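K.L.:
Please see the structure below; I have some questions.
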Amino acid sequence: MVKTRAAAQAATKAEVAKATKAKLADRAERASDSSRVTDALRLPQGPVDLGLVDARGTPGFDGKKPDAERERADLAGRLGDLQERLFAEGRTGGTRSLLLVLQGMDTSGKGGTVRHVIGQMDPQGCAIRSFRAPTEQERKHDFLWRIKRALPAPGLVGVFDRSHYEDVVVVRVHDLAPEATWSRRYEAINRFESQLVGSGTVVVKCFLHISRGVSRDRLLARLDDPTKRWKYRPGDVDERARWDDYMAAYGDALARCNTDVAPWHLVPADRKWYRNWAITHLLVERFEAMALTWPVADFDVEAERERVLASP
Ligand code: ATP
């Protein structure tokens with residue numbers, strides 16, 4: 001049988017689409033099997049100069065935006081499945097949890113990460129907390145007091161949109177406490193996080209690294225778009241003026257609290273699609289390392305089946 005040219009072209013197109021799909025699925029599978037993205041994003045030990053880090057970089061990824069979006073969509077099911085396993089574990093006596101700590105300048109995409117990455121999971125299993133300037137009551141306590149109260153319960157994925165790191169960053173930049181106070185906090189944070197990990201919480205810390213230029217573009221976009229204007233605060237511009245101080249304070253916080261048990265990940269965040277891709281992978285990889293299994297029933301399944309069948 002002689003194939004028409006159109007039929008041959010259609011067949012080739014279908015084959016290419018099939019091969020591409022298989023390649024992407026394979027890549028997603030391989031990436032989730034290892035710690036490839038975790039390793040690519042992990043901050044090396046030693047001093048940190050954020051001025052040298054490319055905010056447009058795509059560590060661990062060599063494709064284009066549509067590839068990243070497709071790959072992330074392919075991985076969403078796996079992420080949801082793993083999160084449900086953790087939730088089920090927590091419901092059946094398990095004590096483990098996962099805490100994602102998000103830090104970054106205004107407009108770096110902390111909210112977008114919650115929406116696009118955490119939004120791929122079951123909201124029942126997630127506890128999202130954001131931290132603003134401490135209230136009067138919070139100020140009466142140690143800086144970790146409010147943080148400890150917000151930790152995820154067993155089985156949950158906690159997300160901190162800003163965190164205890166504000167107490168060594170904004171506090172330092174704005175001189176809200178004497179240096180003697182905030183400089184003691186790095187060690188306190190390391191001790192706290194070490195205890196947290198010891199008690200069964202996997203801590204995933206991400207610094208969303210945005211460039212000054214893209215941050216300005218995003219602020220302008222907020223002003224231009226009436227549906228985004230509510231996100232803009234005039235104070236945002238004053239914070240921009242202190243960009244270098246923030247970078248210095250972040251550099252020290254990242255370097256001094258980059259421990260083996262709770263390392264920092266540096267996520268280039270100028271490209272939103274990369275940020276979402278990277279954090280999705282990071283979470284999948286960290287979940288995979290937890291070797292989560294479905295709980296085994298603590299009742300006689302066959303006997304229960306009989307009971308259900310016999311019930312009215
Ligand atoms: P986004 O996190 O989405 O950029 P935002 O800039 O609108 O949010 P808000 O949620 O309105 O911020 O408030 C957060 C503010 O609270 C930030 O300016 C942050 O630096 C400040 N903040 C958080 N923790 C502390 C702290 N411990 N001490 C002083 N200020 C803090």
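The values are calculated or read from the model by the stated rules, or taken from the named source; none is laboratory data. Since the model is a prediction, treat every value here as computed from it, not as a measurement. So basically every Cβ, Gly included, is an ideal-geometry build from the backbone, and we count neighbours across all protein chains shown. Just the protein is used for accessible areas: all its heavy atoms, side chains included, with ligands, DNA and RNA removed. Shrake-Rupley method; radii C 1.70, N 1.55, O 1.52, S 1.80 Å.
K.L.:
What's the carbon and sulfur percent of the chain's accessible surface, probe 1.4 angstrom, rounded to a whole number?
P.N.:
Working: 8840 of 16770 Å².
Ligands and nucleic acids excluded, carbon and sulfur reach 53 percent.
K.L.:
Can you work out the FRET efficiency for the pair His141 and Val261, with r the C-beta to C-beta distance and R0 = 25 Å, to the nearest 0.05?
P.N.:
Details: r = 25 Å, r/R0 = 0.99.
The value I calculate is 0.50.
K.L.:
Another question, then. In debye, nearest 20: dipole of the stretch 66-107 around its Cα centre with unit charges on the Cβ of K, R (+) and D, E (-)?
P.N.:
Numbers: 6 positive and 8 negative charges, 57 e Å.
It comes to approximately 280 debye.
K.L.:
Oh, and also: Work out how much length Tyr186 to Arg91 would gain on full extension: take 0.36 nm times their residue separation and subtract the Cα-Cα distance, in nm to one decimal.
P.N.:
Working: separation 95, 0.36 × 95 = 34.20 nm, distance 3.41 nm.
Residue separation times 0.36 nm, minus the Cα-Cα distance, leaves 30.8 nm.
K.L.:
Under the rule of at least 5 residues apart or a separate chain, name every residue whose amide H is placed under 5 Å from the amide H of Cys126.
P.N.:
Counting only residues 5 or more places away or on other chains, the set is Val157.
K.L.:
Run the dipole for the stretch 114-161 about the Cα centre, Lys and Arg Cβ at +1, Asp and Glu Cβ at -1, nothing else charged, and hand back the magnitude in debye, nearest 20. Mind showing how you got there, number by number?
P.N.:
Numbers: 8 positive and 5 negative charges, 28 e Å.
Roughly 140 debye, rounded to the nearest 20.
K.L.:
Hey, if you put +1 on the Cβ of every Lys and Arg and -1 on every Asp and Glu Cβ in the chain, which of Ser34, Leu102, Ala221 ends up farthest toward the positive end of that dipole?
P.N.:
Of the options given, the answer is Ala221.
K.L.:
Work out from phi, with θ = phi - 60° and the Karplus expression 6.51 cos²θ - 1.76 cosθ + 1.60, the ³J(HN,Hα) of each residue of the stretch 165-182, listed in order in whole Hz, and give x for Gly and Pro.
P.N.:
The phi angles translate into 5, 4, 6, 10, 10, 4, 4, 6, 4, 9, 6, 7, 8, x, 4, 4, 7, 5 Hz.
K.L.:
Please work out how much length the chain gains when fully extended from Val308 to Lys272, using 0.36 nm per residue of separation minus the C-alpha to C-alpha distance, in nm with one decimal. Kindly include the intermediate steps, with their values, before the conclusion.
P.N.:
Working: separation 36, 0.36 × 36 = 12.96 nm, distance 4.93 nm.
Value of the extension gain: 8.0 nm.
K.L.:
Please find the FRET efficiency linking Gln45 to Ala241, where r is the Cβ-Cβ separation and R0 is fixed at 41 Å, and quote it to the nearest 0.05. Working shown, then result.
P.N.:
Working: r = 32 Å, r/R0 = 0.77.
E between Gln45 and Ala241, to the nearest 0.05, is 0.85.
K.L.:
While we're here: Would you calculate a helix-derived [θ] at 222 nm for the chain, using -39,500 (n - 2.57) for each DSSP H run of n ≥ 4 and dividing by the full residue count, to the nearest 500?
P.N.:
On the way: 13 runs with 164 residues, N = 312.
Rounded to the nearest 500, the figure is -16500 deg cm²/dmol.
K.L.:
On average, how much accessible surface per residue is there in the stretch 2-293, in Å², for a 1.4 Å probe, leaving out ligands, DNA and RNA?
P.N.:
On the way: 14640 Å² over 292 residues.
Dividing the accessible area of the stretch 2-293 by its residue count gives 50 Å².
K.L.:
Which cross-chain or sequence-distant (5 or more) residues have an amide H under 5 Å from the amide H of Val101, H modelled 1.01 Å from N in plane?
P.N.:
Phe160, Val204, Lys205, Cys206
K.L.:
Amide H neighbours of Gly63 under 5 Å, at least 5 residues apart or on other chains, H built in the peptide plane: list them.
P.N.:
The answer is none.
K.L.:
Here is a further query. Normalised by the number of residues in the stretch 139-256, what is the relative contact order in percent for Cα pairs under 8 Å and 6+ residues apart? Write down the numbers at each step before the final one.
P.N.:
On the way: 46 pairs, mean separation 33.7, N = 118.
Reported relative contact order: 29 percent.
K.L.:
May I ask you to evaluate 6.51 cos²θ - 1.76 cosθ + 1.60, the Karplus curve with θ = phi - 60°, for each residue of the stretch 68-84 and list the ³J(HN,Hα) values in order in whole Hz, giving x for glycine and proline?
P.N.:
Here the 3J(HN,Hα) series is 5, 5, 5, 5, 5, 4, 5, 8, 4, x, 5, 4, x, 5, 5, 5, 5 Hz.
K.L.:
Hey, another quick one. Set the Förster radius R0 to 41 Å, insert the Cβ-Cβ distance between Glu179 and Ala221 as r into 1/(1 + (r/R0)^6), and round the FRET efficiency to 0.05. Please report the intermediate quantities before stating the final value.
P.N.:
Values: r = 37 Å, r/R0 = 0.89.
Using R0 = 41 Å, I get an efficiency of 0.65.
K.L.:
Roughly how big is the chain's charge dipole about its Cα centre, with Cβ charges of +1 (Lys, Arg) and -1 (Asp, Glu), in debye to the nearest 20? If you can, show how the numbers build up before the last one.
P.N.:
Working: 51 positive and 45 negative charges, 209 e Å.
The dipole of the chain has a size of about 1000 debye.
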